[in-house]
Structures are given as structure tokens and as C-alpha cells.
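Asks: If you scroll down you'll find the structure; I have some questions about it.
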Amino acid sequence: MMQDPVLSRLKLIGEPWDIGPGGYQVGGFPPGWAEWNDKYRDTVREYWKGDNVSTDFAARLLGSGDLYDQRGRRPWASVNFITAHDGFTLNDLVSYNEKHNEANGEDNNDGHNDNRSYNYGAEGPTEDEGINAERERQKRNFLATLLFSHGTPMLLAGDEFGRSQMGNNNGYCQDSEISWIQWDGIPETGETLRAFTQHIIKLREQQPLLRRENWRDGMDIKWFNAGGGFQQSEHWDEGLTLGVYIGRADLQPVEGIWHDVLMLFNPFEGNVPFRIPQFGEGGWVLELTTSDSAKHGLVITREKDFELEGRSIALFRRP
């Protein structure tokens, strides 16, 4: 395919797994190919459930260099995704602990059983405002993680407004409301989520720091723990609350282009006081948070604790 005069000029994307010996080939394709990265999907799902996968999460966020920094491949080779055409939708990922495929006619035996999903206290739709708020926040966390990760983001149609398949994770056989995408009549929560998705897509488009193009680009990356100190080897096993600094001194001074960002991640249910590290010139401005509190524009100019709310992301930039 790489030698074909037509195919070699296209964007080639592999779904790099198949049945049989040697069928799993994530990271094994040659230069010129991008691949669906299921390790990204699984790790990010586990992280926001609160599973201890901090080191894997760090690698996935920064483009999965452990898989793709070889043989001349670049970060875009990793096609990052949370959900795809099979499996749960984003809404169902945070609404169901188990698959519900009864409508498929196979006694719920079809479809994947290892979904790494969580319903936050009720299976399926609920009128509990607390559970629904938790689910909406987790949707924002998944979408922000996806759009702020280096690599190529892949978004499942309908996830941007919370489409549901009613817990069905194998909807390919359905030509019904289970599999249809309802583009009109989107509820208010769906419109809010869509506006948030539009915003983070725009941020990614505008800011080179959020979409790395090369492993050898001079990018400065530092990981921090909640105490504000550098993340040491022993810290990776102690806690999941993380902070990452990403900077590039060689970016041209263009208005609106960031040279430094600081991202904080808290997958725990409770709030965590995160000591904001101060180095370089200037303090930090809170550009975005997935929490339910409106703190946009908050300025931190000295070392102090920032109340990082439970199950939330905070994105800071230089003023």
C-alpha cells in the first residue's frame, strides 16, 4: 500500500488487531500509518474510574511515545479515542456498569464484557441530580483529556451532546432508536456539552502546545504531585492526582499563542488542594476547568494551594 501511487498519498489508518497469533499490532505499523490506540482508550477510562494507572496515563496524554517514538514515526500516529463505533457511547460509559444488549436477540451474550465503565450510583437514566452532575462532569473530563492529548483525536459522532444507546454496547445489528443519531431535539445538557466540546476543539486548533507534531521539538515537560514538587518515581504509585507543565521557548511570539501550560488532573471523588508551582516569568491564569464551579480567569501569582475539585481538570496558562 505504501508503494501504490494512489494509496500512498492518502491518510492510512489501521485498526491494528485481528483474531489469531500475532494479530495484535498496536505500535507495529510502518511510518506513514496512523493506528487506533486501544491502550489509550483503556488507560484513560481506568484513570477516570480511579484505578492506579498514573504512569500509563502520563504516557497516553503525551502521545504514547512508548509505542510510536520509533522508526521515524510521529505523535499523530496515535489515534486517540475514548469510544468508537462498537462499545459504549460516552454517555453510556458513565451511565452503566454492565452492557444491556437484550434487544439484539442473543440473551445479552454478545458484546464486550470488559467496558471499564461506571454508573456513579444508578444503572441507566436517573432523576438524581447529584448523579447526573457527576456524569456530566466525567463526560467533560473524557472529552478534555482527549482533545488535550498529543496524537490524533477521534470523536464518536453524538458523544459531543451525550447520545445514548441505552446501554447497548453492540449496536451494529440495530436499525432502530438504539443506533440512530437524533440530531434535533437535543436536551439542554446536551447543548451545554456540545458548546464545551466546540470550545476545547478550538483551543486545540489554536494552541500548538496541545497538539505536538514531533518528538524532537524542544518541548519542556515536567510532572508535579499535589504538593507542588516534581513527581519522583515513588510518587507514581502513591496517588493519581497529577500536574503536568508543557512549555516551548522556541515558539514565535504571536499574540494569543501560549508558550506555557499547566494541566491538573484529579480523578478522585473528593477535592484535593494542589500547590501551584511557580517558576519562569509570571503566574498562572485559569483558562478552563471541567468542575461545576465557575473559576475561569482566576490568577495565581505565587505558590499557593488551588482547590482542585473532585473528578476534574484545570488548565492554566501564563497571563
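Asks: Scan the range 291-312 and report the pairs whose first residue is free of Cβ contacts under 8 Å to residues at least 60 places away in the same chain and at positive phi and whose second residue is surrounded by 12 or more Cβ atoms within 10 Å (Cβ to Cβ) and in a strand (DSSP E or B), with Cβ atoms within less than 9 Å and a gap of 6+ or a chain change.
Replies: G297/V285; G297/L286; G297/E287
Asks: Within the range 230-251, count every residue that is among the small types (G, A, S) and touching a strand residue (DSSP E or B) at 6+ places or on another chain (Cβ under 8 Å).
Replies: Result for the range 230-251: 3.
Asks: Return only the number of the condition from (1) part of a loop (DSSP other than H, G, I, E, B); (2) touching a residue at least 60 places away in the same chain (Cβ under 8 Å) that P153 does not satisfy.
Replies: Unmet condition: (1).
Here's the yes/no breakdown for (1) closer than 23 Å to F230 by Cβ; (2) of a type outside the set (G, A, S):
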| position | (1), (2) |
| --- | --- |
| V254 | no, yes |
| T289 | no, yes |
| A294 | no, no |
| K304 | yes, yes |
| R311 | no, yes |
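Asks: Shifting gears a bit: Filter the range 37-63 down to residues that are of a type outside the set (V, I, T), farther than 13 Å from P153 by Cα and in a loop (DSSP other than H, G, I, E, B), then give me how many there are.
Replies: 3
Asks: Separate question: Test of understanding: among G218, G282, which residue is at pLDDT below 95, out of contact with any Ser or Thr (no Cβ under 9 Å at 6 or more places or on another chain), surrounded by fewer than 18 Cβ atoms within 10 Å (Cβ to Cβ) and over 27 Å from M154 (Cβ atoms)? Full working, then the answer.
Replies: On the way: G282 fails: out of contact with any Ser or Thr (no Cβ under 9 Å at 6 or more places or on another chain).
The match here is G218.
Asks: Now, a different point. Could you please let me know if S164 is of a type outside the set (A, V, I, L, M, F, W, C), touching a strand residue (DSSP E or B) at 6+ places or on another chain (Cβ under 7 Å) and in contact (Cβ under 8 Å) with a residue 24 or more places away in the chain?
Replies: So S164 does not fit the description; no.
Asks: Run I200 past the list (1) in contact with a Leu (Cβ under 8 Å, 6 or more places away or on another chain); (2) without any contact (Cβ under 8 Å) to a residue 40 or more places away in the chain and report the number of the one that doesn't hold.
Replies: Result: I200 passes all but (2).
Asks: Just wondering, is there one or more residues in the range 226-241 that are assigned to a strand (DSSP E or B) and surrounded by fewer than 14 Cβ atoms within 10 Å (Cβ to Cβ)?
Replies: yes
Asks: Additional query: Name every residue in the range 190-225 that is among the aromatic types (F, W, Y) and in a loop (DSSP other than H, G, I, E, B), in order of residue number.
Replies: W215
The values are calculated or read from the model by the stated rules, or taken from the named source; none is laboratory data. All values derive from a computational prediction rather than experimental measurement. Glycine also receives a Cβ, built like all others from the backbone with ideal geometry; neighbour counts cover every protein chain displayed.
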